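Down below is the structure, laid out as structure tokens.
Just so it is clear, none of the values below were taken in a lab; they were calculated from the coordinates. Note that the structure is predicted; figures quoted are calculated from it, not measured. A quick note on method: Cβ atoms are made from the backbone with ideal geometry, for glycine too, and the neighbour counts reach across all protein chains shown.
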Amino acid sequence: MERIFLFIYQYRAFFTFLVLELVAVWMFLENNQFQGARFFNSANSVAAAITGFSQNTADYFSLRQVNRALAEENARLRYELEKRNRQLENLSGATADSAIIKQFDFVTAKVVNNSVSRFTNFLTINKGSINGVEPGMAVISQAGVVGKVKVTSRNYSVVTSLLNVDVMISGVLKRTGHFGTVQWDGSDPDYIQLKYIPRHVKPLVGDTVITSGYSGVFPEGIFIGTIADVKLSKEAPFYLLTVKLAQDFRSLSWVTVIRNRLLPELDSLEVRVPDFQ
């Protein structure tokens with residue numbers, strides 16, 4: 001404290017000058033309306049800029065919480081939408097089966113690791129067996145299909161990406177209703193191929209490709225992408241269709257894991273018919 005008083009005493013002339021200058025400026029602004037208005041407008045602009053910067057910084061650091069909340073809200077809305085669709089499907093028949101209505105569960109997860117540059121790409125999410133995630137479950141994003149759960153630990157799961165040459169899922173041309181197999185060829189992470197669409201079909205560039213729901217893993221109607229290129233060789237029985245993926249896997253951040261409660265029943269039934277597979 002003594003050092004502070006010595007410092008002030010040593011520079012007393014400077015501090016006296018500074019106080020008088022501040023008083024002079026205050027009197028000048030108080031007695032000159034135009035200059036006073038300009039000064040206070042400028043001060044308000046500076047204060048607003050500082051406040052805006054501070055708010056933007058706070059908003060940036062809160063994006064993670066906001067994204068988590070939005071992802072959880074999307075999962076809840078998907079569940080409610082699927083439930084409502086099942087109820088509507090059963091209105092024309094007898095009393096709705098509660099097992100059908102509650103067929104799918106949704107779990108939101110954060111992507112903590114991801115790859116797109118290999119022939120067999122995988123991604124890691126921060127939900128595991130403790131959250132009810134099991135191998136074989138479907139994984140989607142807000143944009144569309146992502147892949148299938150391969151292995152799980154207590155708190156994490158590894159997902160086989162749709163950008164994996166070993167992954168095949170059933171897809172449908174929404175406009176025509178014809179189904180084929182969606183599979184990546186290992187080249188461009190923005191595009192995938194839809195195979196086995198017969199030549200009598202007339203697919204068009206821009207046609208929507210969605211999941212068929214046949215395997216029981218993915219619900220019917222999940223967006224995969226749109227047709228970007230149509231090829232048909234002279235003697236080929238099937239088209240080779242290039243599909244622009246709805247999901248940009250380079251920016252994948254949040255996903256939803258889907259559990260089909262009725263899938264074990266479906267699998268156990270079909271396995272009893274050896275020639276079915």
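Using alpha carbon centroids, what distance separates the stretch 116-182 and the stretch 195-216, in Å?
Comparing the Cα centres of the stretch 116-182 and the stretch 195-216, I get a distance of 19 Å.
Sorting check: for 157-163, 16-22, which peptide has the highest mean count of neighbouring beta carbons within 10 Å, and how do the rest follow? Before the final figure, lay out the partial values.
Details: 157-163: 24.3, 16-22: 10.3.
Highest to lowest by the protection proxy: 157-163, 16-22.
List the trypsin sites (Lys or Arg not before Pro) within the stretch 132-172 that DSSP assigns to loop and that have no more than 15 neighbouring Cβ atoms inside 10 Å.
R154
Give me the percent relative contact order of the stretch 105-277, please, defined on Cα pairs under 8 angstrom at least 6 residues apart.
Relative contact order for the stretch 105-277 comes out at 23 percent.
What residues have an amide H closer than 5 Å to that of S115, excluding those fewer than 5 places away on the same chain, when H is modeled at 1.01 Å from N in the peptide plane?
F122
Return the sequence-ordered ³J(HN,Hα) values of the stretch 12-21 in whole Hz as given by the Karplus equation 6.51 cos²θ - 1.76 cosθ + 1.60 applied to θ = phi - 60°, using x for Gly and Pro.
Computed from phi, the couplings for the stretch 12-21 are 4, 5, 5, 5, 5, 4, 5, 5, 5, 5 Hz.
Each residue of the stretch 154-170 in order: what ³J(HN,Hα) in whole Hz does its phi give by Karplus 6.51 cos²θ - 1.76 cosθ + 1.60, θ = phi - 60°, with x for Gly and Pro?
With coefficients 6.51, -1.76 and 1.60, one gets 5, 10, 9, 9, 9, 10, 6, 5, 4, 7, 9, 5, 8, 9, 10, 10, 7 Hz.
Mind ordering 223-235, 116-128 by average Cβ neighbours within 10 Å, highest first?
116-128, 223-235
List every residue whose amide H lies under 5 Å from the amide H of V146, counting only residues 5 or more places away in sequence or on a different chain, with H placed 1.01 Å from N in the peptide plane.
Sorted by chain and number, the residues that satisfy this are V139, I140, S141.
What ranking do 107-113, 133-139, 184-190 get when scored by the average of other Cβ atoms within 10 Å per residue, highest first?
My ranking of the peptides, most packed first, is 133-139, 107-113, 184-190.
Would you pull out the residues with amide H under 5 Å of W184's amide H, same chain only if 5 or more places away, H placed 1.01 Å from N?
N164, V167, Q193
Output ³J(HN,Hα) for the stretch 190-203: one whole-Hz value per residue in order, computed from phi by the Karplus curve 6.51 cos²θ - 1.76 cosθ + 1.60 with θ = phi - 60°, and x for Gly and Pro.
Ordered by residue, 3J(HN,Hα) equals 9, 10, 9, 10, 10, 10, 6, 8, x, 5, 6, 6, 10, x Hz.
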